[in-house]
1. Identify, by number, the condition in (1) over 24 Å from D241 (Cα atoms); (2) within 44 Å of the chain's Cα centre (by Cα); (3) surrounded by 13 or more Cβ atoms within 10 Å (Cβ to Cβ) that D269 doesn't meet.
2. Go through the residues of the stretch 128-142 one by one and say whether even a single one is in a strand (DSSP E or B), modelled with pLDDT of 95 or more and closer than 23 Å to T48 by Cα.
3. Within the stretch 181-290, which strands (runs of 3 or more DSSP E) (wholly inside it) include 1 or more residues that are under 22 Å from V351 (Cβ atoms)?
4. From the set of residues in the stretch 669-728 that are modelled with pLDDT under 90 and of a type in the set (V, I, T), which is surrounded by the most Cβ atoms within 10 Å (Cβ to Cβ)?
5. Taking S382 and the conditions (1) in contact with a Gly (Cβ under 8 Å, 6 or more places away or on another chain); (2) surrounded by fewer than 18 Cβ atoms within 10 Å (Cβ to Cβ); (3) among the small types (G, A, S), which numbered condition does it fall short on, given that it satisfies the others?
6. Out of everything in the stretch 52-88 that is in contact with a strand residue (DSSP E or B) (Cβ under 7 Å, 6 or more places away or on another chain) and acidic (D, E), what residue ends up being farthest from V161 (Cα to Cα)?
7. State the number of residues belonging to the stretch 56-102 that are more than 23 Å from S192 (Cα to Cα), within 26 Å of the chain's Cα centre (by Cα) and part of a loop (DSSP other than H, G, I, E, B).
8. May I ask you to list the residues in the stretch 97-112 that are buried (at least 24 other Cβ atoms within 10 Å of the Cβ) and among the small types (G, A, S)?
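The values are calculated or read from the model by the stated rules, or taken from the named source; none is laboratory data. What you see is a predicted model; the values in this text were computed from it and never measured. Every residue, glycine among them, receives a Cβ derived from its backbone with ideal geometry; neighbour counts consider all protein chains shown.
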Amino acid sequence: MRVLCFRSLVFIQLLLLVLSQDNPPGFISIDCGLPSNSTSVDEQTNLTHVSDDQFIDTGVNYEIAPNYATDELYTKYLTVRSFPSGTRNCYTLTSLSAGSKYLVRAGFLYGNYDNKNNPPNFDIHLGVNYWGSVDLPDADGAYFHEIIATATSNYLQICLVKKDRGTPFISVLELRPLLTTLYNDDANATQSLVLSARFDIGARSQELRYPHDPYDRIWRNYTMETWRYIETNSTVQPDKDFATPSTVMQTAATTSSTNQSLDISWSSDNESTVFLIILHFSEIQELPPTALRQFDIFGNGVLALNSITPIKLYSEWAKYTHTWHTEYTASLKATSNSTLPPILNAFELYVVRPTTGIPTYSGDVAAINKIKANYQVNKGWSGDPCVPTEFSWTGVTCTTESNNIPRITLLNLSSCGLTGVIVSSFGNLSTLNSLDLSYNDLSGDLPTFLDQLSALTYLDVTGNSNISTTLPPGLQQRKRDGNLMFRFGGASRYSRPSNNKTKILLAVIIPVAAVGLLLLLACLIKRSGFRRLANGEEIRNKNSTDLEDLELFIMVNCMTARKLQSSSSRQGTREFLAEVRHLSRIHHRNLVPLIGYCKDGLGCMALVYEYMSGGSLRTYLRGKDRNARVLSWEERLHILLEAAQGLLYLHRECAPPIIHRDVKTENILLNHMLEAKIADFGLSKAFRDNCTHMSITVAGTPGYLDPEYNSSCRLTEKSDVYSFGVVLLEVVTAKPPIIDGRNKIHLTLWVHQQLTKGSMDDIVDTRILDRYDVNSAWKVVQLAMSCCLETSAQRPVMSHLVSELKDCLELVLGTSSVMDSGRSSSSRRIAFEVAKNGESSLPDGPSVR
């Protein structure tokens, strides 16, 4: 698969072909920030570097400040590409071979290019996996990060990720192909090697690389005053496992006597870091027949390898891994039989970085990138569309399959300026269940390849003036079967002329007229002194002050629902219009869809929704019919996950993002299959671009209200997270957010008090005590308490909650057979106490993936 950003594949291939005439085959050398279509030559290696505009479509080019552009500085460090917009920006290096091994190096020289005199700190990722942290200590030093990795596809992506200080930038990016036999057991599909140090001991120059090393590894000089240095001009034969250059192996260090060891020390601030140490040695001296050079290798005083005898002018190596320390020493000590001290020619040190992240299914990546390129989508899309979840693309929702491979299931391209026909790449998103193409300038017929989308349940082409609204045969049938919601309208409410023009007009006009009549009926009913439900039950007079009169749902034969404003409602015209405005542009399977609305000049206002026959989550937990249908633990987890997915869509995939401001169990509605959808957007607020919070009048429901928002009037997405944390506890306990008693107490405080008693049975809804999984329940309570921390910065984000709730559900599904057989209360208590006393504890703050 090839991922190209707004440039043709042919041009890239020609570019690389031209480069290969001067540079070794497969070398990619990029001078970042260089003007388009220009090149530079590296004075150190004589390799040609090209502009980076063919490898990335974001960022701004800068030159470093003149006082840092000294004559001694390599040309490739004179320019940078900076990324002030977006959290993650990625280079895509193509034309690689899946399964092949590559060395990737990124270079950074700040040079005060932005006139802020403040070197930034940011992260660098290789694809979906963390590579390292770029923390520049000064403005004039050139630093590089290097990694040896195996490509899982025919491209690699190098991503710069913004953190808490400054704007990410990059000066140089280089890729070098390696033989698959090199670092064979150490760099593979499951782990990469991040360079910590690579030393040429006793080197003749400060730095050695290409052409002395054909793979352009950088070897730096390393010396110690107490060592004795030797060298040779004879060629040292390279080994096949690391191909250490002869020039590197021609110099070495020994000690003055066999009683003195060769020691190399380093430190780490993380004792769980796994280091790979590779020692290179060769006998480069002419030894007398009776002489013997033999040594043992120790790691922090523990024997790692013993009785090593170097071979003359032949490169050998020894390696081992080390962990669980913060201070490290590799020591070479002469054996008791040795007449000569130990010898060391070169040394490599790597951090072993597991490649735990699984990228999005390659077919989905190819399709979404072709869509991006075809329509010039400008939504800050960069890197993998789904992974990591905190960087997933705006407007893209993904689901992880049983094989742990993410798939794209929702695509929202509403109001993205799309023009032309619907391209065939949409048909390659085979797991897509929701496609929103509304309010663009698309034209032509709805193509038959959309029939390939067997999971599609929602299609919206509203507001495309030149597009046909005739569905292809497969989707027509699914719409008739009730398995597809198809939305269209605006300038495109009538299909293009065809042989069955009359049928098409009737198919469109009749439903529209029916909805209009129903809206009119709703308004007429509203003006009368009372209203009735479909079953004839009378509703209170319109002057009633009962809170239940705030929202009236009328069920009609077409399975829609109405929300009417009563005279006693706290929500006025502003909130009503806000709800219409928000719901007209957001579409997600876990949000209640708006079908239409009515607002006449006589004060009658009504919203027309999809009818949610299951009612609200609150009724199942604390309503008068709560015992008629007790939600199982698995059903509760499904509902929580679906609600979290709806909120994640609002926070991360809407443009601009939306804060709900009134998350509560009453606003989580269920359909006949107990599928959850978020409702009531009357208090919602949309964030402006690049806005982290808003100062706004406090609104919401007591018990669910974020205390930080309540005290500061600063609204953020973490305000919804707090409210959702209360919902989590409600679902576990079936208790209200504020518990009545002698003294009213908030649910979070009550749960905290119960946790000190050491039994989940004191917390979980008594109606399911014998039928819940303690491990997942404990995890949900942990999540809830982290959501309800006083300081919003310590709370998790919705993407983390979605991920953790999925894990909770997997725990239940994996132990369902055990739960069905029944477990005693004592076994649940023991499991909880183990978790409490050792394996887990309430967090000081969120653990965000």
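1. (3)
2. No: the stretch 128-142 contains no residue that is in a strand (DSSP E or B), modelled with pLDDT of 95 or more and closer than 23 Å to T48 by Cα.
3. Numbers: elements: 191-201, 219-222, 228-231, 251-254, 262-267, 275-281.
Strands (runs of 3 or more DSSP E) meeting the threshold: 191-201, 219-222, 262-267, 275-281.
4. That would be T716.
5. Unmet condition: (2).
6. Of everything passing the filter in the stretch 52-88, E63 is farthest from V161 (Cα to Cα).
7. Looking only at that region, the number is 9.
8. Result: A106, G111.
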